[in-house]
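This report concerns only the one structure given below.
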Amino acid sequence: MKHKRIIIISALFFAAASGLLFIYSFEAIFYFTVPVVERSPEQPIAFSHKKHAGKYSINCLYCHRYANISKVAGVPDMELCVSCHRFIARKKPGIKKLIGYWERKEPVPWIKVHDLPDFTYFPHNTHLRAGVYCDSCHGDVTTMDRIERVSRISMRWCLDCHRERDVSIDCLQCHF
Amino acid sequence: MNRREFLQLTGAAAAGGALSSCTINPEKLIPLLVPPEDGSIPGVADYYASICRQCPAGCGIIVRVSEGRANKIEGNPLHPVNKGKLCARGQAALQALYHPDRIRQPLKRTGVRGSGEFSPVSWEEGLSLLAEKLKGMKTAGARKGMIFFTPELQGTILQLVKAFTEHFNGMHVPYESLSLESHRKASVDVYGRYELPDYDIGSAQYIISFGADFLETFVSPVRYGDAYGRMRRARPTVRGLFTYAGPRMSMTAASADSWLPVKTGKEGILAAGMAGVILDEELYDGPALNIYGLNVSELKAAMADYPLKRVAEETGLTERDIFSASRDFARLRPSIAIAGDTVAHQTNGIDSIKAVHLLNLLTGNFGKQGGVRFSPKDLKQTASSYSKLLDTIDDMSGGSVRVALFHGVDPVYALPKTSGFEKALGKVPFIASFSSFQCDTTRQADLILPDHTDLESWGEVIPSIGGDIGVVGTVQPVVRPVHNTLAFPDALLSLVKTEGGKVPGISAYGDYPAVLKEHIRQASGHKPGADFERVWTKTLQRGGIFKEDSKPVKSINRSGKFIFTVPRKAVFSGDEKQFPFHLHIYPSAIMFDGRSAHLPWLQETPDPMTTAVWGTWLEINPKTAGSLGITHGDLVEVESPAGSIRVPVVIYPAIRSEVMAMPLGQGHRNFGRYAAGRGVNPLDLLETVVDKENRLPALGATRVRIKRISKKGGLITAGHPDGSYRGELLEI
């Protein structure tokens, strides 16, 4: 009888463990399930964060200047790009493309890599104030030539972090 | 195809489906070319103070603007009229800005009149076309060659329109379909004041309203709604009492302590009867009457033919009810008697309003806290005049009018069909409209020069009543113009300029925003310069100049004596035997006079009493309906001497059995996709003038008969006819 109980308990344990493993593997296989075109799509101009943020250590907030004061981080306006590249690296094909856009008075149609559904409220400024810095979600962009999504932006992923930091997980915190 | 091929193909199709579901349609991240100059931050909303222009009340609003798009309107807490509150119509004004059926550029008529065939023209072309027509008329030198139809205007816009019409030998005809003309006339006779009286409801102990729906539509509903709340609950020891007298229980009446279902057209007699009781019981304020120049014996003599018994018979009420209401009114001071729209729109309207004001005088409530108040300055607004409007019909059909201009009014819709306005308008060689929407009048235009909507324009609004508050509200653009439109005052200025003319006192400042700024400078009493720049910015931020003037007028300065007479009998169109029912047309709490019908938010807002949406209905007392074999939702034909319309029926217990009520506001033939062809216009049942002596609009002076047509009325209600819709909500 005792033997049987052990078998049941171990079976339950095994089931729970494999369940957990399944969930976490689900998270882990994110890289295999989400295609590269979505995780790291080719952009209209081959802008390198590795060069700007890494090699030249330009602060994130220099370009994404609303991150600490608004819910959106803000994609830099064209004038900001051109203000440097009117003089710097003008011969490179990417910069030529950029100047082309600028002269045609067209914005560069960047492809969104990190996207949240419209029913979710995610304020960048609040997270920065709480000490959750850019790399916690966006990864180490100083090593990325082409920007890549490193986290599975799902509600559970948000909640895990909120629980870990003992922040409210009330529905109305993000959905209202 | 063999089995293997089939399986291969389906497999490939499935794989293709799976793959295509993976390839997402990526969202774009479009940067700005240059950052916004005003320093606004993406993702952080900006708030602009302005004034609501959905009705003449002039409430202050604050508009939330995100990334250059207006997305919410709320009340301005600093504005003394509405104190941060706002009604449904004000909230819905946002939809006018982004309405899919707005007129997006100047249009010139290409088809026959009224066909709605227009082709876009440039602003230069449009303005020069109108300038040419006006120029030709000026050289002809004919008087009244041009007529300019507008709503009641104030301040700089009024100055501008007046100067414009004078410059082109024209005539300015201001018109509001819910005209307060009778109120003004009565006010001049009783108080010697041209402006509308303000009622200090918040400090009163007792209110009796004669058909004044001051919580829904009457003059300044948000202001009175706030005051009503204070009257009921803000004082620790006093809860103000409220009685409503009128043939139909409105939402305002439903908030009252008691409802006196007085017969149609007899409200004035009830007021006179109450005055009689107060005189007989000697409950009046004697010293006050002396100051007001009233003599008790004269008043008693005027009431001699109307003992309480006769008043009770005529009004259809019990002697006891009238007596107790009179006693309460006289004892629970300060008390206020208010006469409203449905009383004013009877043929004896002016007399009835005067009788109601007599009650205020008898108890000495003039100029007191909790009484009837006037502001120190008599605001001489241009009041609308119905008879002047009717005169233009003769002028137009006579052929002397060569150009008709319209801004902000829709007389084709707002005048009874029998007036012949539309037909007369057809004889005018050139019609131009400044409207933002294709309303029934604009449809007839030869040229449309669309104005900005309220949220895109500059302006100023003096509230229709302010009583003791000196208020000038400033209207400022909260977003850039969405379409290729031009501000109405700037269009007028440029028309005068192309003529080489000048508008005295206005042209010197250039464009209209500069004119407005100068006007506000004068109103605020500052010298031009850096000092005023600060004041100007602050004024725009706050939403206007709010001078709280705590000195209301204490004495009555009228030229003649106020001679009181019991209101004569109201006259009705239609014979009593042929047309047994009274038609009670009331302004809708949702649509007002119909100017808000194009906004879908309001179309789907349930009427507060019947919960009906998206249409017009006829309210019938259950007893009457039973005797006629009519049930809830039936289609009936309502017939009056002037015409007939078909509407669904709402069985409505809170209405006199011989009265049938219909809300105003629907039945537009054009006015955007949400209003066009929806419901019916009760004005189609009216005769233009019922009483030949008083040429006043008579919304309440029509008799009707009804006939059941079918079971399918197409009535849509949010609640169940037999029960409270709140009950249904609880079950969810």
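None of the figures in this text is laboratory data; all of them are computed from the coordinates on show. Everything numeric here is computed off the predicted structure, so don't read it as measured data. When we count neighbours, we look across all protein chains shown, and the Cβ atoms used for this are built from the backbone with ideal geometry, even at glycine.
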For this session: Rank B:Pro35, B:Ile431, B:Leu260 by how far each Cα sits towards the positive end of the charge dipole of the protein assembly as shown (+1 on Lys, Arg Cβ; -1 on Asp, Glu Cβ) and give me just the farthest.
Result: B:Pro35
For this session: Return A:Ile111, B:Ile30, B:Ile462, A:Ile7 ranked ascending by Cβ neighbour count within 10 Å, so the fewest neighbours appear first.
Result: A:Ile7, B:Ile30, A:Ile111, B:Ile462
Seminar exercise, completed: The size of the Cβ-based charge dipole (Lys, Arg +1; Asp, Glu -1) of segment B:432-484 about the Cα centre, to the nearest 20 debye, is 140
Exercise. What is the Cα centroid distance between segment B:633-697 and segment B:242-283, reported in whole angstrom?
Worked result: 25
Exercise. Any idea what log10 I(q)/I(0) is at q = 0.12, 0.29 Å⁻¹ for segment A:127-176, Debye with uniform C-alpha scatterers and no solvent?
Worked result: -0.32, -1.21
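Restricting to Cα pairs below 8 Å that are 6+ residues apart, what does the relative contact order work out to for segment B:126-252? Please round to a whole percent.
The value is 18 percent.
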Exercise. Cα axis of helix B:530-542 to longest principal axis of chain B: angle in degrees, 0 to 90, nearest 10?
Worked result: 80
Problem set entry | Equivalent ellipsoid, chain B (semi-axes from 5 times Cα gyration tensor eigenvalues, Å) | 44, 34, 29
Exercise. Any idea what the dipole of segment B:202-253 comes to, in debye rounded to 20, about its Cα centre with Lys/Arg Cβ at +1 and Asp/Glu Cβ at -1?
Worked result: 260
For this session: Would you give the gap between the C-alpha center of segment A:78-98 and the C-alpha center of segment B:44-67, rounded to a whole Å?
Result: 42
Problem set entry | For segment B:609-615, 3J(HN,Hα) per residue [Karplus equation, 6.51 cos²θ - 1.76 cosθ + 1.60, θ = phi - 60°, Hz, x = Gly/Pro] | 9, 9, 6, 6, 10, 6, x
Problem set entry | Computed log₁₀ I(q)/I(0) - Debye formula, equal Cα scatterers, no solvent, segment B:46-118, q 0.19, 0.25 Å⁻¹ | -0.77, -1.08
Seminar exercise, completed: In Å³ per residue, the alpha-carbon convex hull of chain A encloses 162
Exercise. Which Cα, out of B:His167, B:Ser397, B:Ala355, lies furthest along the positive dipole direction of chain B (beta carbon charges, K/R +1, D/E -1)?
Worked result: B:His167
For this session: May I ask which residue of A:Phe87, A:Pro76, A:Thr120 lies farthest towards the positive end of the charge dipole of segment A:31-120, with charges of +1 (Lys, Arg) and -1 (Asp, Glu) on Cβ and the Cα centre as origin?
Result: A:Phe87
Problem set entry | Tensor-based shape of segment B:596-726 (alpha-carbon gyration tensor, a/c under 1.5 rounded, otherwise prolate or oblate) | oblate
Exercise. When a footprinting reagent is the concern and you count Cβ atoms within 10 Å, what order do A:Lys105, B:Lys72 take, fewest first?
Worked result: A:Lys105, B:Lys72
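Using just the alpha carbons, could you tell me how many Å³ per residue the convex hull of the protein assembly as shown encloses?
300
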Problem set entry | Cα-centre dipole for the protein assembly as shown with unit charges at Cβ (Lys and Arg positive, Asp and Glu negative), debye to 20 | 1640
Exercise. Past the 27 Å Cα-Cα mark, which pairs from B:Lys185/B:Lys300; B:Lys423/B:Lys497; B:Lys368/B:Lys538; B:Lys85/B:Lys547?
Worked result: B:Lys423/B:Lys497; B:Lys368/B:Lys538
Problem set entry | For A:35-48, mean number of other protein chain Cβ atoms within 10 Å | 1
Exercise. What percent does the relative contact order of chain B come to when contacts are Cα pairs within less than 8 Å and at least six residues apart?
Worked result: 17
Problem set entry | Pairwise centroid distance, computed over Cα atoms, of segment B:562-621 with segment B:345-377, Å | 24
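Taking the mean number of other Cβ atoms within 10 Å as a proxy for protection, how do you rank B:286-296, B:186-196, B:243-253, B:101-111 from highest to lowest?
Working: B:286-296: 14.2, B:186-196: 20.2, B:243-253: 24.7, B:101-111: 17.0.
Top of the packing list down: B:243-253, B:186-196, B:101-111, B:286-296.
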Exercise. Near B:Lys135, which aspartates and glutamates are there with a Cα under 12 Å away, not counting those fewer than 8 places off in the same chain?
Worked result: B:Glu499
Exercise. Can you work out ³J(HN,Hα) from phi for every residue in segment B:486-492, in order, using Karplus 6.51 cos²θ - 1.76 cosθ + 1.60 and θ = phi - 60°, giving whole Hz and x for Gly and Pro?
Worked result: 10, 4, 4, x, 5, 4, 4
Problem set entry | Ranked B:Thr165, B:Thr318, criterion: other C-beta atoms within 10 Å, fewest first | B:Thr318, B:Thr165
Exercise. Once the Cα atoms of helix B:3-22 and of chain B are each reduced to a long axis, what angle between those two axes, in degrees from 0 to 90 to the nearest 10, is obtained?
Worked result: 60
Problem set entry | Taking segment B:558-629 and dividing mean pair separation by its residue count, relative contact order in percent (alpha carbons under 8 Å, at least six apart) | 15
